[in-house]
1. Across segment 119-197, what fraction of all alpha-carbon pairs, as a whole percent, falls in each successive 5 Å bin from zero upward?
2. With only alpha-carbon atoms counted, please give the Rg and Dmax of segment 113-321, in Å.
3. Put a dot 7 Å past each Cα toward the Cβ at residue 159 and residue 347; how far apart are the dots in nm?
4. I want to check the label-to-label distance for residue 10 and residue 128. Put each point 7 Å from Cα in the C-beta direction and report it in nm to one decimal.
5. For the residues 84, 112, 53, what sequence is obtained by ranking on other C-beta atoms within 10 Å, fewest first?
6. Nearest-5 percent of antiparallel DSSP beta bridges in the chain?
7. If you average the sequence gap of Cα pairs under 8 Å that are 6 or more apart and divide by the length of segment 5-106, what percent do you get for the contact order?
8. Using the number of other C-beta atoms within 10 angstrom as an exposure proxy, rank 190, 71 with the fewest first.
């Protein structure tokens, strides 16, 4: 008798929720596996998945159109709703000729800064009328969740037109003071660049770009910030200095001076975060915050980006936060172990002096 893969998948979703897991992995030849507080845990009370199982799950989570696209392109991003109780960002991919899926749980409730243990300084960026603000860090360290908290803060306090461009849509916003339009790549727009070019005709105030994946997207985002919009986005970079260099270096040599000048005038801040295992269970963020000021703008224009780390380390009185101070504070408060602090430190020797 064939398995009911819809019920099987829903059973797995229930386990994710019950165990407070962040991710679910389905791969042929392995047990279904969840990630709890950064640790992968195989569900050994379930059966090892076969090719038939992964194809059965594929038919459950993908529409016929998406299945066709997946089999053609060998990978796909998508979202999956479960009875209005849970939402997942999914990615389907092939490995060694077999189908695999990774699902990230997107909580229904958008948590605020206090619940996420984020610094109050982030609130000031939600009050700006224009500028370019980035949340950066590795995959799976809460960038999307932090941006969602910022958008929700704007939604609760300002009457603005907010447009999000995502692939796929993750958090769903309930309109409060703001009008919010959420556009999903492939479903609502061809791609990020096309959607971004269109926002200039949509009377937009705040733009959330799920991820900056191309030169066109970066260039249009910076121009949007330059022309009076508040632009929020993410990059997979480690810190503020690396982020600025990554943006500039992504352009051909002949365009780098122009983007450098634009970035110097539009950048409002860069927030880099890492989710660290908490002694009491779960995860807690450590972070770096660059607040762009005249000195930072000059460093960008004068090709002295490598000096920005020093600006952050000495800018505590201006609200800046450096990663080592954040880690040291978490150790002092008993939130994380010193061992984990050293693992995530960009400069363990400096951290040693702070702990």
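Here, each number is a calculation from the coordinates, and none is a lab measurement. In this text, all values refer to a predicted model and were calculated from it rather than measured experimentally. Reconstructed Cβ throughout: ideal geometry from the backbone, glycine too, with neighbour counts over all protein chains shown.
1. So the P(r) values, bin by bin, are 3, 13, 22, 25, 23, 11, 2, 0.
2. 16.4, 52
3. Placing both labels 7 Å along Cα→Cβ, they lie 4.8 nm apart.
4. 4.5
5. Ranking 84, 112, 53 by Cβ neighbours within 10 Å, fewest first, gives 84, 112, 53.
6. Restricted to the chain, the bridges split so that about 60 percent are antiparallel.
7. For segment 5-106, the relative contact order is 25 percent.
8. By the 10 Å Cβ count, ascending: 190, 71.
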